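Here is the structure we will look at, set down as structure tokens.
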Amino acid sequence: MASLCLSRGRCVLRQVFTGLPSMVHLQRPYSLDVSAPLLRTEGFIDGRWVSAASSFPVFDPATGEEIAKVSDCGTKEAQDAVNAAHKAFHLWKSHTAKERSILLRKWFDLIIQHREDLAKLITAECGKPMKESLGEMTYSASFLEWFSEEARRVYGDIVSAPAKDRKILILKQPVGVASIITPWNFPSAMITRKVGAALAVGCTVVVKPAEDTPLSALALAELSVQAGIPAGVFNVVPCSREKTPAVGEVLCTDPLVAKISFTGSTATGKVLLGHAAGTVKRVSMELGGHAPFIVFDSADVDKAVAGAMGSKFRNSGQTCVCSNRFLVQTGIHDAFVEKLAKTMDVELKLGHGSEPSTTQGPLINSRAAEKVEKQVADAVDHGAVVVRGGKRLQGSFMEPTLLSNVTSDMLCMREETFGPLIPVVKFNTEQEALAIANASPVGLAGYFYSRDMAQIWRVAEQMEVGMVGVNEGMISTTEAPFGGIKQSGLGREGSIYGVDEYLEIKYMCLGGLSS
């Protein structure tokens, strides 16, 4: 059962857990104790909190209990948000880069100030262990800090003209209103990584957060008000799964929207690209991944195991860059599998994200757990061996699972898992490993471990991905460009290149300059 009360300016959600397996370690009542202004449940349009005609529930994925009801915005609210963003754009773009920089920095400072409360929201609606949620909030804030600095570094060019009586100038200008559609697995960082770049260069935005995790987006909206971001510059339109297609269509087809930035599945990305085509909008797409993790005979096994643990089990395997296909060379295969199994026994503990000892929370919902369960069953039916785990637990919890004797034709090797499953394929040669790794139609991230420098250069250049981790399993950072190739998307986020996605280049020819 759950209860929500207001006490001394703080919203307190008390959740009592019953009926889950003892191994999940939900041993005490859970309190979501956050500053009252941060727990928002209405849409945010043109600087105002807006109620919709109906609401939709937000659930704690660990228990299935409802933690909040949020305004279920529809096409009217989406249109209102676009109109507000369009009106605000003409004022926001006229702010100097320094003025925008100062406001983004204030927003960053407020996020750091409220980091713990914001992390509690992530754990409540997303299920992450609190330690990871705190890490996400640091990561989320870093994009506002980074782009507050990049705002003042958007430079144009002067080009030598072919004639003496003219000058050629290259200007960079904001594209306009950007629709920002974000996923549930990083409900704060995926917003700031896009919005930070957009606002830095003078664009305004309408954010459509995932229906599973709207509370984090609305908390960011509250802090944007406190930071002084003008009305209409940052808008949030939460909606249910049922209303998402209609709301998404408005945000991707309205003529006032100039740019779409989406993070999510490749299938949904293709739908949104179709919507964008009608008015030829600028698009950024960070879509599905199916990352290979290759361990060569020359690798340091202990470091490879540590990298596998970090890359695979962060957020219970629910990240777009987490490793999915583990390819281990024959000479090191048995030692790697044995050490990895023992490390899983020692380091992984399932439980509610609010428990300090928890390293593995639930999957986001039962559909996610069913997908992992299906992949495990398919692999076992085709000859894979369960080394650790393999069982679906109550609700959306899934045992961290290690499979050996896996082959490339199994379902887990053909589709992204998004869960705590490590399927290990044994290979003989470098060419064989690369052929398997590059066989996927997507190419977001890839990882490999080797101490052979010649091999490192060969493999890094030949892997068909947008990001490569060499002897490193955790590669995401504000300073580096994030994005993929093939069907993993279009464009890059973060880094010095992130602002380019929200800028148009204008050529200006200044003539009549002859003396």
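Tabulated data
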read-out: Test: residue in segment 501-514 that is open to solvent by 10 Å² or more (accessible area, probe 1.4 Å), farther than 30 Å from residue 160 by Cβ and modelled with pLDDT of 95 or more; value: no
read-out: Any pair with Cβ under 7 angstrom, 6 or more apart, that starts in segment 183-199 at a residue that is open to solvent by less than 10 Å² (accessible area, probe 1.4 Å) and ends at one that is hydroxyl-bearing (Ser, Thr, Tyr) and in a helix (DSSP H, G or I); value: 187/216; 188/140; 188/216; 189/139; 189/140; 192/140; 197/502; 198/502
read-out: Check on residue 148, over 23 Å from residue 364 (Cβ atoms), of a type in the set (S, T, N, Q) and under 22 Å from the mean Cα position of the chain (by Cα); value: yes
read-out: Scope segment 357-394; condition outside any loop (DSSP other than H, G, I, E, B) and either of a type in the set (A, V, I, L, M, F, W, C) or open to solvent by less than 30 Å² (accessible area, probe 1.4 Å) (or both); matching residues; value: 360, 368, 369, 372, 375, 376, 377, 379, 380, 385, 386, 387
read-out: Flag if residue 461 is more than 25 Å from the chain's Cα centre (by Cα) and at pLDDT 95 or above; value: yes
read-out: Lone unmet requirement of (1) β-branched (Val, Ile, Thr); (2) under 30 Å from residue 311 (Cα atoms); (3) assigned to a helix (DSSP H, G or I); (4) touching a Leu at 6+ places or on another chain (Cβ under 8 Å) for residue 138; value: (4)
read-out: Residue 175 among the aliphatic types (A, V, I, L, M), surrounded by 14 or more Cβ atoms within 10 Å (Cβ to Cβ) and over 21 Å from the mean Cα position of the chain (by Cα); value: yes
read-out: Any hit, segment 330-345, residues being surrounded by fewer than 22 Cβ atoms within 10 Å (Cβ to Cβ), of a type outside the set (D, E, K, R), closer than 20 Å to residue 393 by Cβ and within 23 Å of the chain's Cα centre (by Cα); value: no
read-out: Residue within segment 45-52 that is of a type outside the set (Gly, Ala, Ser) and on the phi > 0 side of the Ramachandran plot present; value: yes
read-out: Segment 425-444, residues that are closer than 14 Å to residue 333 by Cα and either open to solvent by 30 Å² or more (accessible area, probe 1.4 Å) or basic (Lys, Arg) (or both); value: 426, 428, 429
read-out: Enumeration of residues in segment 81-101 that are of a type outside the set (Lys, Arg) and surrounded by 17 or more Cβ atoms within 10 Å (Cβ to Cβ); value: 81, 82, 83, 84, 85, 86, 88, 89, 92, 95, 101
read-out: Verdict on residue 471 being of a type outside the set (A, V, I, L, M), more than 30 Å from residue 259 (Cα to Cα), surrounded by fewer than 16 Cβ atoms within 10 Å (Cβ to Cβ) and modelled with pLDDT of 95 or more; value: yes
read-out: Any chance residue 151 is outside any loop (DSSP other than H, G, I, E, B) and under 30 Å from residue 243 (Cα atoms); value: no
read-out: Single match in 493, 479 (criterion: open to solvent by 30 Å² or more (accessible area, probe 1.4 Å) and modelled with pLDDT of 95 or more); value: 479
read-out: Residue within segment 102-121 that is touching a residue at least 60 places away in the same chain (Cβ under 8 Å), assigned to a strand (DSSP E or B), within 24 Å of residue 134 (Cα to Cα) and not aromatic (Phe, Trp, Tyr) present; value: no
read-out: Residue 111 of a type outside the set (Ser, Thr, Tyr), buried (at least 17 other Cβ atoms within 10 Å of the Cβ) and in contact with a Lys or Arg (Cβ under 7 Å, 6 or more places away or on another chain); value: no
read-out: Qualifying strands (runs of 3 or more DSSP E) (wholly inside segment 1-86; at least 1 residues being at pLDDT 95 or above and closer than 21 Å to residue 126 by Cβ); value: 43-45, 55-59, 66-71
read-out: Restricting segment 489-500 to residues that are in a loop (DSSP other than H, G, I, E, B) and in contact with a Ser or Thr (Cβ under 7 Å, 6 or more places away or on another chain), the residue that is farthest from residue 167 (Cα to Cα); value: 494
read-out: Residue 420 under 26 Å from residue 444 (Cα atoms) and either surrounded by fewer than 24 Cβ atoms within 10 Å (Cβ to Cβ) or touching a helix residue (DSSP H, G or I) at 6+ places or on another chain (Cβ under 6 Å) (or both); value: yes
read-out: Matching residues, segment 222-234, being crowded, with 24+ Cβ neighbours inside 10 Å and among the small types (Gly, Ala, Ser); value: 224, 232
read-out: Count of residues meeting criterion [touching a residue at least 24 places away in the same chain (Cβ under 8 Å), within 21 Å of residue 282 (Cα to Cα) and touching an Asp or Glu at 6+ places or on another chain (Cβ under 9 Å)] in segment 444-491; value: 10
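For (1) under 20 Å from residue 123 (Cα atoms); (2) in contact with a Phe, Trp or Tyr (Cβ under 8 Å, 6 or more places away or on another chain), each residue gets a yes or a no:
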site: 346; (1), (2): no, no
site: 352; (1), (2): yes, yes
site: 356; (1), (2): yes, no
site: 360; (1), (2): yes, yes
site: 363; (1), (2): yes, yes
site: 371; (1), (2): no, yes
site: 385; (1), (2): no, no
site: 389; (1), (2): no, no
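The values are calculated or read from the model by the stated rules, or taken from the named source; none is laboratory data. Quick caveat: nothing in here was measured; it's all calculated off a predicted structure. Ideal geometry is used to build each Cβ from the backbone, glycine not excepted, and the neighbour counts take in all protein chains shown. Note: areas computed on protein heavy atoms with side chains; ligands, DNA, RNA excluded. Shrake-Rupley method; radii C 1.70, N 1.55, O 1.52, S 1.80 Å.
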